[in-house]
Amino acid sequence: MSRIRNPRLARLSKPADAQAAERPIAGPRSRRLFARASAVLPGGVNSPVRAWKRLGGEPPTIVRGKGARIEDADGRTYIDYVLSWGPLILGHAHPQVVAAVRAAAGHGLGFGAPTTGETELAELLRSALPSMEKVRLVSSGTEACMSALRLARAATKREIVIKCDGCYHGHSDPLLVAAGSGCATLNTPDSSGVPAAFSATTISIPFNDLVAAERVFAANPGAVAAVIVEPVAGNMGLVLPRPEWLPGLRALCDAHGSVLIFDEVMTGFRVAWGGWQNVCGVRPDLTCLGKVIGGGLPVAAYGGRREIMDLLAPLGGCYQAGTLSGNPVAVAAGLATLKQCAQPGFYEIESTRLTLMLLGFSSLAQEYGLPMQFAQAGLMWGYAFSSTPITDYASAAAADLDRWRTFCRGMLQERIYLAPSPFEAAFWSSAHDRRAVAATLAAAGKVLKRMQSPQ
Ligand code: KE4
């Protein structure tokens, strides 16, 4: 059969569904704006996963958001399950959050000096997470994790750090080893530019693999400074811990005098009030927070045992600083957000509503004969095209990523905005009302029907 030379004809030769599946998602104006952005921003973005490299095509340029919905430059509205990668647990432009930001901004945008808001936020975090006996506010999850790691090394005078394949703790050099999120999305789990000496002291093991952890401790007696782990992994899809995993890491750290760091940047105030440590009952030595505690503005934090935190400058010799740390406008957004989350029944009601939506998703997948796994932790969720549960990065990467791409593109064409990577979690907000759920399931039914296995 002769090869079709005319690309237009080539397109016509594909079945209608295949053409539909590859139809650009972004409209003409977004595509023009992305071309303009790409002339000055590497890849057109300020954070790699936003570039949709794994999904193909240009991302829409978003101009506004309200509640569960965002609108792009072509006037197209999407139901949003990315929610700025987790912070917007109340949805976009929540009136109380916006009002708090406006009021704070009216008093000045920052002082580089003590303010009451940052003390209030630190006290709130400590009351929600008693393991955080002292707290330091910073401006990003990367800063929180990088600083917690430095502090753990200062406290133990050791260098080796254990992390997990597919977990992502921000882009500081020692943690860009076998990293998830955008690194896994772009197949760059170990970044270029990181000196071998920096990554040599980072040992990565499979998530949920306690035997692997025991082996590393045994092979490095008295040398492990810390274990850093996402208690629920949200950067390889969503992967829940096995019951013995976190208690086992706690026991190993206790036995070897190492620091246990829970990176709750994503799970903090997302999976429950406080974080996963309040669900599983394992008390880490240090905790990292971000996302929800800033309500969409740059606030993150790390904190933990007093005797470790007091090693920080200006009290001790472990240095960490930040011009915008504890910024009063950002802190106002965080406090206003957490005030809503603190309402009685907030997490129970919202996680039940999410469970009901996922039950609808699951029955659609069964109806159309597509093997899908769903996972939920509080107000975050994940899905994968796999007939076996996802328990670590290897199983996440072994899922049917072609089907994921078809599904994700299809949902985006139906105006349901899912993360453009199979190595991300999806999020829920209290603004996702019945109409949003109905539209989401209607879209999923349409897309899964198109994808269904031949009977
Ligand atoms: P940031 O530096 O991006 O604020 O936080 C880093 C970080 C630390 N720990 C966990 C568990 C995280 O999930 C993150 C950041 N999450 C990604 C999405 N999975 C942020 C999105 C992006 O990189 O653009």
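The values are calculated or read from the model by the stated rules, or taken from the named source; none is laboratory data. Treat the numbers as computed from the prediction; the structure is a model and nothing was measured. Glycine also receives a Cβ, built like all others from the backbone with ideal geometry; neighbour counts cover every protein chain displayed. In case anyone asks, the SASA skips ligands and DNA or RNA and just uses the protein heavy atoms, side chains included. Shrake-Rupley method; radii C 1.70, N 1.55, O 1.52, S 1.80 Å.
Residue under question is Ala179, and the condition is that it be among the small types (Gly, Ala, Ser), outside any loop (DSSP other than H, G, I, E, B) and either more than 24 Å from Val82 (Cα to Cα) or in the same structural domain as Ala122 (by TED's automatic domain parsing) (or both); does it hold?
Here the answer is no, as Ala179 does not meet what is asked.
Per the conditions (1) open to solvent by 20 Å² or more (accessible area, probe 1.4 Å); (2) more than 11 Å from the ligand (Cβ to nearest atom); (3) outside the structural domain of Gly382 (by TED's automatic domain parsing), the sole criterion not satisfied by Leu129 is (1). Flag set for Val232, criterion: closer than 23 Å to Ala300 by Cα, crowded, with 24+ Cβ neighbours inside 10 Å and not small (Gly, Ala, Ser). Does segment 104-125 contain at least one residue that is touching a helix residue (DSSP H, G or I) at 6+ places or on another chain (Cβ under 8 Å), part of a helix (DSSP H, G or I) and within 14 Å of the ligand (Cβ to nearest atom)? No, every residue in segment 104-125 fails to be touching a helix residue (DSSP H, G or I) at 6+ places or on another chain (Cβ under 8 Å), part of a helix (DSSP H, G or I) and within 14 Å of the ligand (Cβ to nearest atom).
All of (1) within 15 Å of the ligand (Cβ to nearest atom); (2) open to solvent by 30 Å² or more (accessible area, probe 1.4 Å); (3) not assigned by TED's automatic domain parsing to the domain that holds Leu289 hold for Gly44 with one exception: (2).
Flag not set for Ser147, criterion: under 22 Å from the mean Cα position of the chain (by Cα), surrounded by fewer than 21 Cβ atoms within 10 Å (Cβ to Cβ) and within 12 Å of the ligand (Cβ to nearest atom).
Picking from Gly112, Gly108, Gly170, which residue would you name as being in contact (Cβ under 8 Å) with a residue 12 or more places away in the chain and either within 22 Å of the chain's Cα centre (by Cα) or surrounded by 15 or more Cβ atoms within 10 Å (Cβ to Cβ) (or both)?
Among Gly112, Gly108, Gly170, only Gly170 is in contact (Cβ under 8 Å) with a residue 12 or more places away in the chain and either within 22 Å of the chain's Cα centre (by Cα) or surrounded by 15 or more Cβ atoms within 10 Å (Cβ to Cβ) (or both).
Filter segment 259-284 for residues that are away from the ligand (no atom under 16 Å from the Cβ) and surrounded by 24 or more Cβ atoms within 10 Å (Cβ to Cβ) and give the result. If the condition is that a residue be away from the ligand (no atom under 16 Å from the Cβ) and surrounded by 24 or more Cβ atoms within 10 Å (Cβ to Cβ), then Val259 is the only one that fits. I'd like to check something: does segment 155-173 contain any residue that is touching a Lys or Arg at 6+ places or on another chain (Cβ under 7 Å), within 11 Å of the ligand (Cβ to nearest atom) and outside any loop (DSSP other than H, G, I, E, B)? Scanning segment 155-173, I find no residue that is touching a Lys or Arg at 6+ places or on another chain (Cβ under 7 Å), within 11 Å of the ligand (Cβ to nearest atom) and outside any loop (DSSP other than H, G, I, E, B), so the answer is no. Counting the residues of segment 391-407 that are open to solvent by less than 20 Å² (accessible area, probe 1.4 Å) and either modelled with pLDDT under 95 or closer than 23 Å to Asp165 by Cβ (or both) gives 3. Of the strands (runs of 3 or more DSSP E) lying entirely inside segment 182-289, those carrying at least 3 residues that are outside the structural domain of Ala398 (by TED's automatic domain parsing) and touching a Ser or Thr at 6+ places or on another chain (Cβ under 9 Å) are 224-229, 259-263, 286-289. Checked against (1) touching a residue at least 24 places away in the same chain (Cβ under 8 Å); (2) within 14 Å of the ligand (Cβ to nearest atom); (3) over 23 Å from Pro241 (Cα atoms), Thr188 passes all but condition (1). Summed over segment 173-184, residues that are on the phi < 0 side of the Ramachandran plot and open to solvent by 10 Å² or more (accessible area, probe 1.4 Å) total 6. Out of Ala223, Ala196, Ala218, Ala200, one residue alone is surrounded by fewer than 24 Cβ atoms within 10 Å (Cβ to Cβ), under 27 Å from Leu312 (Cβ atoms), among the aliphatic types (A, V, I, L, M) and free of Cβ contacts under 8 Å to residues at least 60 places away in the same chain. It is Ala200. Scanning segment 414-429 for residues that are within 27 Å of Gly180 (Cα to Cα) and either assigned by TED's automatic domain parsing to the domain that holds Gly237 or touching a helix residue (DSSP H, G or I) at 6+ places or on another chain (Cβ under 6 Å) (or both) returns Ile416, Leu418, Ser421, Pro422, Phe423, Phe427, Trp428, Ser429.
Residues satisfying the criterion are present in segment 421-441 (criterion: surrounded by fewer than 16 Cβ atoms within 10 Å (Cβ to Cβ) and basic (Lys, Arg)). For segment 53-87, a tally of residues being part of a strand (DSSP E or B) and open to solvent by less than 20 Å² (accessible area, probe 1.4 Å) returns 6.
Kindly evaluate Val63 against the criterion of being free of Cβ contacts under 8 Å to residues at least 12 places away in the same chain and within 30 Å of Ala321 (Cα to Cα). No, not satisfied. Taken over segment 89-103, residues that are in contact (Cβ under 8 Å) with a residue 60 or more places away in the chain, touching a Lys or Arg at 6+ places or on another chain (Cβ under 9 Å) and in a loop (DSSP other than H, G, I, E, B) amount to 2.
From the list Arg158, Arg153, Arg136, which residue is closer than 30 Å to Leu335 by Cβ and open to solvent by 10 Å² or more (accessible area, probe 1.4 Å)?
On the way: Arg158 fails: closer than 30 Å to Leu335 by Cβ; Arg153 fails: closer than 30 Å to Leu335 by Cβ.
It is Arg136.
Residues in segment 427-452 that are farther than 20 Å from Glu348 by Cα and in a loop (DSSP other than H, G, I, E, B): Gln452 alone.
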